[in-house]
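Below you'll find the structure, written out as structure tokens, and then a few comments.
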Amino acid sequence: ERVFTQEYRPPKTDGSGNNRDNMRKAQQLLSEAGWTLKDGTLVNAKGEPFKFEILIDSPMFERWIQPFMRNLEKLGVKVDLRLVDTAQYQNRLQDFTFDMIVQVFPQSISPGNEQLDFWGSSRADVVGSKNICGIKDKVVDELVDKLIRAKDRVELVTLTRALDRVLLWNFNVIPQWHTKTYRIAYWDMFGRPAINPPYGLPVTETWWIDDAKLAKLNATGKRAK
């Protein structure tokens with residue numbers, strides 16, 4: 001039986017880029033794991049350097065990865081950023097021939113069978129599966145199985161939170177960035193429900209053309225009829 005001695009709390013910063021407290025904590029954890037800094041390079045007991053590659057298929061991600069790489073380099077970690085074309089990226093993703101990638105695990109408000117593909121041990125070595133972390137954990141498997149078979153909403157929510165806690169505890173991913181805001185531009189001619197869905201972009205999912213708004217917009221000459 002797994003025992004959690006403390007609540008998982010992700011690292012936080014003030015957004016200034018000066019992550020001194022987190023860097024000191026990282027240095028402490030690396031030292032406890034047997035890594036030492038030698039001539040500016042982090043090495044293990046065998047003298048092997050701590051190095052890995054981040055694989056991406058779009059230069060768009062560089063703006064978020066570069067600060068992460070700079071902080072790692074301050075710790076003595078050697079990181080290479082490799083940009084490849086979409087076909088090569090897809091092949092390497094399916095074959096799991098990568099060290100680190102940028103990935104999204106899309107979720108719904110009613111988790112179900114997809115959780116097996118994301119985290120199940122039976123999917124870890126299946127070419128093309130979504131278990132890109134290679135998770136093989138009996139506790140995770142049991143929680144996923146129970147989640148899929150949940151009898152009601154209360155049980156589903158309880159099991160989902162338990163699964164989330166175990167996945168966070170194992171540090172399978174490093175959160176990169178998040179925003180709760182959609183930034184879009186559109187003509188003011190749409191109507192939408194008074195109550196929006198809790199997630200997603202309502203303008204594109206639950207909208208209709210409002211005749212009155214459209215007529216007003218056309219009258220201003222800002223949009224051709």
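Results, tabulated for the structure shown:
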read-out	value
Per residue solvent-accessible surface (Å²) - the chain, probe of 1.4 Å	74 Å²
Summed side-chain charge close to R123 - residues other than R123 whose Cβ falls under 14 Å, Lys, Arg +1, Asp, Glu -1	-4
A45 paired with R82, simple spin-label distance in nm, labels 7 Å along Cα-to-beta-carbon	3.0 nm
Residue list for the stretch 167-201, given a label point 7 angstrom along the Cα-to-Cβ vector of K216 and an amide N cut-off under 17 Å	186-194
0 to 90° range, to nearest 10: angle between helix 62-74 axis and the chain longest Cα axis	20 degrees
Probe 1.4 Å, all protein chains present, accessible-area order of L214, L42, largest first	L214, L42
Order of exposure, largest accessible area first, which applies to W207, W119, W169 with probe 1.4 Å	W207, W169, W119
Degrees separating the helix 86-95 axis from the principal Cα axis of the chain, which is the longest one	50 degrees
By accessible area with a 1.4 Å probe, ligands and nucleic acids excluded, highest first: order of E32, E73	E32, E73
Unit charges on C-beta of K, R, D, E only; dipole of the chain, Debye	760 debye
Global form of the stretch 1-154, assessed from the alpha-carbon gyration tensor, a/c cut-off 1.5	prolate
Percent of beta bridges antiparallel (DSSP, the chain, rounded to nearest 5)	45 percent
The stretch 118-225: C-alpha gyration tensor shape, a/c 1.5 cut-off, then a/b vs b/c	prolate
Entries of K12/K38; K25/K146; K12/K136; K51/K146; K74/K138; K25/K51 with Cα pairs more than 31 Å apart	K25/K146; K51/K146; K74/K138
Within the stretch 149-184, backbone nitrogen closer than 19 Å to the virtual label 7 Å beyond the Cα of Q103 toward Cβ	163-178
Highest-fluctuation residue, R192, R123, R183 considered, GNM on the chain with Cα pairs under 10 Å	R183
With DNA, RNA and ligands ignored, accessible area of V43 (1.4 Å probe; Å², nearest 10)	20 Å²
Residue among V157, T41, N71 farthest towards the positive dipole end of the chain, charges placed on Cβ	N71
Helical mean residue ellipticity (222 nm; -39500 (n - 2.57) per DSSP H run of 4+; nearest 500) of the chain	-11000 deg cm²/dmol
Rounded to 10°, Cα long-axis angle of helix 211-220 versus longest principal axis of the chain	90 degrees
Projected label distance in nm at V139 and K38, using a 7 Å step from Cα toward the beta-carbon	3.5 nm
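The values are calculated or read from the model by the stated rules, or taken from the named source; none is laboratory data. All values reported here derive from a predicted model rather than from experimental measurement. Please note: Cβ atoms are built from the backbone with ideal geometry, for glycine as well, and neighbour counts cover all protein chains shown. Keep in mind that these areas ignore ligands, DNA and RNA; they rest on the heavy atoms of the full protein, side chains included. Shrake-Rupley method; radii C 1.70, N 1.55, O 1.52, S 1.80 Å.
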